[in-house]
Amino acid sequence: VGSHRDISIESLSLFRLLEPQIEILVLGTGDRVERLHPAMMKQMRECGIAVEVQDTANACATFNFLMNERRVVAAGLIPP
């Protein structure tokens, strides 16, 4: 995944395989917040994973905050 345009259901499938199952996936989309296709968001929700999309700097902060709260979280971060 080189940019937000490369994020797909297939590229997100890795996060559905993690054990223990994650509660929240934080996606950092680079310098700006970019919208993802609603079908991708819906599929992740149906798998029990909430998706938070932010610019990468804020995604890093959110990931650290959630980890500090001992939430089961993963991050996918595209460099700004």
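What are the pairs, 6+ residues apart or on separate chains, where a residue within region 32-50 that is on the phi > 0 side of the Ramachandran plot has its Cβ under 8 Å from a residue that is open to solvent by less than 100 Å² (accessible area, probe 1.4 Å)?
Taking only residues 6 or more apart or on different chains, the pairs are 48/21; 48/23.
Please note which strands (runs of 3 or more DSSP E) are completely contained in the chain and include at least 2 residues that are open to solvent by 30 Å² or more (accessible area, probe 1.4 Å), out of contact with any Leu (no Cβ under 8 Å at 6 or more places or on another chain) and not acidic (Asp, Glu).
Ranges flagged: none.
The values are calculated or read from the model by the stated rules, or taken from the named source; none is laboratory data. These numbers come from a predicted model, not from an experiment. Counting neighbours? That spans all protein chains shown, and the Cβs are built from the backbone with ideal geometry, glycine included. Protein only, heavy atoms only, side chains kept; ligands, DNA and RNA dropped before computing areas. Shrake-Rupley method; radii C 1.70, N 1.55, O 1.52, S 1.80 Å.
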